[in-house]
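Bear in mind these aren't lab numbers, they're just calculated from the coordinates by the rules spelled out. Computed from a predicted model, the values in this text were never measured in an experiment. All Cβ positions, even for glycine, are placed from backbone atoms using ideal geometry, and neighbour counts span all protein chains on display.
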Amino acid sequence: MKPGYYGNWGGAFVPEVLHETFRQLNQVFAAAKADPSFWRQYVELMGSYSCRPTPLTYAENLSRRLGGAQIFIKREDLNHTGAHKANNVMGQGLLVQRMGKSRVIAETGAGQHGVATATMAAKFGLACTIYMGEEDVQRQRPNVFWMEKLGATVVPVTSGSRTLKDAINEAFRDWVANMDTTHYVMGTVCGPHPFPEMVAWFQKIIGDEVREQILAVHGSLPARVYACVGGGSNAMGIFQGFLADREVELVGVEAGGKGLASGQHATRLSGSDASPGVAQGYKTMFLQDDDGQMRDTHSVAAGLDYIGVSPILANLWELGRVRFAAATDAEVMEALELTIRSEGIIPALESAHAFVQAFKEAGSLPREAAIIVNQSGRGDKDIFTIAHAFNDPSWQEFIRAKGEEYARGTK
Ligand SMILES: *Cc1c(COP(=O)(O)O)cnc(C)c1O
């Protein structure tokens, strides 16, 4: 098999000028992987800076209510900055130190990866530039506010559709111009080799921990493990703990949006709307039209709203090792409400997709079985979307009053 390929998927389709940069990146990554002290340094950093190991919580009330399997929740929401993204950016930060570079860049759609990257840059004393479509800058003001406070320069991209894919192009242009000083922090298990492998390697800290935790508290492996899939990094992170255990079923849950028939979704591997293509430096299943133009996607969860998917997951899908399902926006709001009320835990809208599928299946499994849901992040960040979806009148009044306050100039 060619390096950087997972079956038919992956590769490194990068401009010639970046070949030397990729050669260096591959070399530094390979050296770090071969050096046990690097992984120890990483685990220690995540322990002191990001609350690792994150707990595995037994969802007693949900388990009783749904009947069937015992439900466990892996608490990636308790990471610093509120999601599993910290695992990846902090790991890449350590690689940046090894490479002796002084600046990082990233592109972000929803802004969560931008906040995580800016956080890492502040901690490691690196200059940081975040590319974001102009439209996303407007939609994600709270995240932009924090990125700037953390010392990052946020560049609104005004070309094309002014969203994520244009930001990706701009970030690559910056990298080509500044590759000697600058590292590109990929946000998920996508993009050209070695990024999928690298991000999956850092995220496997989730799977390493949870495998030990479930054996300790339940005494046996789980029957099923559920994770939401945007690019696929939290899913790959937890799945790697069980890939070799064929009896553990791995389930990836994509954004069903307003339903498959509506065309407004981001289901690449669970539906039949995606097709193979090469874009953004790698080969995978993309949501594209017949001319290879990328389609508009939709999800209530901004982090799942992506046209491609990890080449590693595309391969595991083709091999039948990971099963894929989709959860609609409406189902997600229901699962969210149930989880909040039953357990006092607020999952991110992204994570709630995994809960939907777990809730659908728990009842059909025996009581002795355990299932694990990866709670990739916390839902506090989604208060605007969630309060809007629940049509909360007091919240609407609060927003209106704040707006008026600012308009009067009294605040
Ligand atoms: C970004 C994000 C995701 C989607 O990214 P993956 O690479 O698929 O994990 C999921 N959940 C949360 C909370 C996120 O912030």
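Using only the alpha carbons of the chain, what is the convex hull's orientation-averaged projected area in square nanometres? For the chain, averaging the hull's shadow over all directions gives 20.4 nm². Springs join every pair of Cα atoms under 10 Å in this Gaussian network model of the chain, and among ASN315, ASN178, ASN88 the largest mean-square fluctuation is at ASN178.
Taking the Cα centroid of region 260-308 and of region 19-59, what is the distance between the two, rounded to the nearest whole Å? If you average the Cα positions of each part, the centres end up 30 Å apart.
Here the label points at ALA261 and SER394, each 7 Å from Cα along the C-beta direction, are separated by 3.9 nm in the simple model.
Note on GLU148 and GLN97: the extension gain reaches 16.1 nm, defined as 0.36 nm multiplied by sequence separation minus the Cα-Cα distance.
Between the residues PRO393, ALA30, CYS128, the greatest Cα displacement towards the positive end of the dipole of the chain, with unit charges on the Cβ of Lys, Arg, Asp and Glu, is found for ALA30. In this structure the amide hydrogen of CYS128, modeled in the peptide plane, comes within under 5 Å of the amide hydrogens of VAL104, THR153, none closer than 5 places in sequence on its chain. Peptides 299-306, 393-400, 359-366 ranked from most to least packed, by the mean per-residue count of other Cβ atoms within 10 Å: 299-306, 359-366, 393-400.
On the beta carbon distance between HIS19 and ASP289, with R0 = 30 Å, the FRET formula returns roughly 0.45. Take 15-26, 97-108, 42-53 and order them by the average number of nearby Cβ atoms within 10 Å per residue, most first; the result is 97-108, 42-53, 15-26. Given R0 = 22 Å, the distance between the Cβ atoms of ASP180 and ASP208 translates into a calculated FRET efficiency of 0.05.
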